[in-house]
Every structure is written in C-alpha cells, then in structure tokens.
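Asks: Next up is a structure, given as structure tokens.
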Amino acid sequence: MSFLTSLIWTPPLSFAQNGKSPESKVAFIGTYTKKEGHVDGKAEGIYSVSMDAKTGALRFGSTLAVITNPSFVKTSPDGEFLYAVSELGPKDASSGEIYSYKILPDNSLKLLNSLPTNGLAPCNIEVDPSGNFVFVANYLGGVVTMYQKITDGSLEEKQVITLENKEKSHPHSVTISEENSTAYIADLGNDRIWIFDLDIKKGRLQPHQQPFIALETGSGPRHFTLSGDGEYAYSMNELNSTVSVFRILENGGLDLLQNISSLPKDFKEKNSGADIHLHPSGEFLYVSNRGHNSIAIFKVDEASGELKTVGHADTRGRTPRNFAIAPGGEFLFVANQDSGNISSFKINGQSGELDYMKSLEIPTPVCIDFK
C-alpha cells in the first residue's frame, strides 16, 4: 500500500474544495525526501494538511510539490504565496535553492520560479511584514540571501551577505522586527545574534551600530522570536539546550537578561534544542527538545519578559523539529522528524500546559506553517 493510500482514510475537508471554509485551516508541511547524515528522508515533497478550526483535528490533504528536501516552508503575510527551500548539500549541488509558489484557490501550488540560495543546506525562510522581501539562511557557508518579490509574485535576488568566520558560521534563522526596521540572524556556529538595519526603500541590510550580541560559548543560537510588543526577544539555543532572553533596545539592539534551561534538571542524556514560538497572548513561550523529545513550556513574566518553567510535554514522537501554534492560539502541532508523525495538542489558556489529542502519520515532517 502506498503512503498516500494509507493516509487518506477520510474525505478531505471542505477547504480542499473551495479553499474558503471558515471551519478549517490549511497548513503546509516541509519534509526531508532523501537520506542525509542526520536524517533518513522518506517524504515526497511539500504536503498539505487541514485543521478543523473547532476541534483541532488534522487530516491529510495532498502532495503539493515534489522537490528535494523542502525542509522549511513559509507563507507570505497575505496568504497568496508559499516559499520553500530545497536543502541541498555539497554532494548534491553547488548551492541550495528557494522555490516561489502561487497558492491557488484550492490551495494547490503553481510554481513561479526558483533561484540559488548562494550557500548550502538552506534551513530557514523569513518574509518581512510587508511581504516584499524574503530572506534565506544557509547553514553552510555563512551566507544569508535577500530576495525581492516582483510583480507576478516570483523572486529576484537583492543582496548576499557573508558573515564573519564563514567556515565556522552556521546561520540558522533570520527574524525581522514588526516595524520592518531590524533583522536578527541567529548564527549557531559563531554563538552570535547578528543585528542589521533593514532599509526597505533600498532593499538593503546594513550592519547595526551594535553589529552582534555574543552568547555563551557553545550555546548555538538556532531560532529567534520577538514579543508582540517589541520589547523582548528569545533565542532557542541548540547546543546547550537553553533559551536566552533579551531586552530589545530603542534602536533595535539587544541586552541579555536571562539564560534558562529547556530541560528538566534530572535529564542528563543527549539533547539539542530546535524551534521556539510565543503564544499569541504573549503569556507563554514554547520550545522543542530533540532527545528529550518534548515541548518545554515557560510562563513569561509580564513586567520583565523573563521566563519561569511551567513543565514539559512529551511530543509522542522522536526528534521534534519545528512546531506551529495554530491561528487563534488554541492548538499546537509538532513535527516529529524521525518517527514520521505530527502530534496535536490543545493549549490550556490558563496554565499554558499542553493536552495531547492525536497523531497523524506524515513521512519525515520537519516544518509546519499555517496559511
């Protein structure tokens, strides 16, 4: 029995028919499609799933695009376009690729164009709040590439930035401030958050007056997120399984406030941190642990932005990579890379704790992004 035959055990929800049902939401799933040093990819490409907005139940949609290792996908702010990296390594090509798709009314994808990312193992995409600029972080080569969306929605290259110590540098994510003035690049290899000023009129990044903030040696900043009020920032650090808390200064610079472990005190086995997301309410922060296989839950102090550990939720799978909080903030979904499943949780709005609901089989899922 094929993968698709085994998955489609119920009729698709109404969104698949007209793309407009208020009772369901569509999410795009990034995957690994082939065996790499760190993963045995078994997927076909980019998939879609639908979520019942009332119950949080997930159903498989379809295979939307067959490309190699679309390990990160990102929807444009207006929901009209989807961008996906093809995470290619040194044995595959001289560069990774980024694909631009038009999201059609039935939520299928129309390819607009693809471009090189100017580095290898592209692992993250960011779209600025205006939707006009797209950024890709390449894990190998210390390269971040900026693109501009042109009239038909396709991309054109705008700027290539090579970070210091490019052989050591591993940029893992780009995060743009809500006011569209500052870019933060989490560099796992250099243990730094690089800070750039963003000029959207010129479409250029320039080093900030505080060009970077250094983290503890061996921390490995991976993913980075900003509070809704623009006062605080949070880094999930892969190598030492900590979360760093920063105050955002008026000029966009960063001041380190706190480092806190993402693991229980009695856990001594191997772990690496992965993704990080704030709840829409701003009251709770969540991060994923690969090894402990959990989502760590933190309470955010309203006055200081600092974190207090609430607890940990078993992800009901192996190697939780990225996860997503659904629109509305009621449900959280975890992509368990090595067990091939997406686990669904209901969020307790009072405590922030996660109540497990169900699991959906998807081959080597690594990224979930809601339209």
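Taken together, the values in this text are just the output of simple stated rules run on the coordinates, not laboratory data. Quick caveat: nothing in here was measured; it's all calculated off a predicted structure. In this analysis, Cβ positions are derived from the backbone assuming ideal geometry, glycine residues included, and neighbour counts consider all displayed protein chains.
Asks: Sort segment 79-192 into rounded, prolate or oblate with this rule: let a ≥ b ≥ c be the square roots of the eigenvalues of the Cα gyration tensor; rounded if a/c is under 1.5, and if a/c is not under 1.5, prolate when a/b is larger than b/c, oblate otherwise.
Replies: It is oblate, given that a/c is not under 1.5 and a/b is not larger than b/c.
Asks: Which translational diffusion coefficient, to the nearest whole µm²/s, is obtained for segment 177-222 from the Stokes-Einstein equation, given a Kirkwood hydrodynamic radius over C-alpha pairs, 20 °C and 1.002 mPa s? Intermediate values should be presented prior to the final figure.
Replies: Details: Rh = 11.1 Å.
Estimated diffusion coefficient is 193 µm²/s.
Asks: Given 25 °C and 0.890 mPa s, how large is the Stokes-Einstein diffusion coefficient of segment 248-360 in µm²/s, with Rh as the Kirkwood radius over Cα pairs?
Replies: 168
Asks: Report, in listed order, any pair from Lys268/Lys358; Lys74/Lys102; Lys25/Lys158 with a Cα-Cα distance greater than 22 Å.
Replies: Listed pairs above 22 Å: Lys268/Lys358; Lys25/Lys158.
Asks: Quick one, can you get me the convex hull of the C-alpha atoms of the chain expressed as volume per residue in Å³?
Replies: 129
Asks: Could you identify which residue out of Pro320, Pro221, Pro105 has the top mean-square fluctuation in a GNM of the chain using Cα springs shorter than 10 Å?
Replies: Pro105
Asks: In what order do His279, His170 fall by count of nearby beta-carbon atoms within 10 Å, going from fewest to most?
Replies: His279, His170
Asks: Could you give me the ³J(HN,Hα) list for segment 70-83, computed from phi with Karplus coefficients 6.51, -1.76, 1.60 and θ = phi - 60°, whole Hz, x at Gly and Pro?
Replies: x, 6, 9, 10, 8, 8, 5, x, 8, x, 9, 9, 10, 10
Asks: Could you check which residue among Val334, Val287, Val127 shows the biggest mean-square fluctuation in a GNM of the chain with a 10 Å Cα cutoff?
Replies: With Cα springs under 10 Å in the chain, the top fluctuation among Val334, Val287, Val127 is at Val127.
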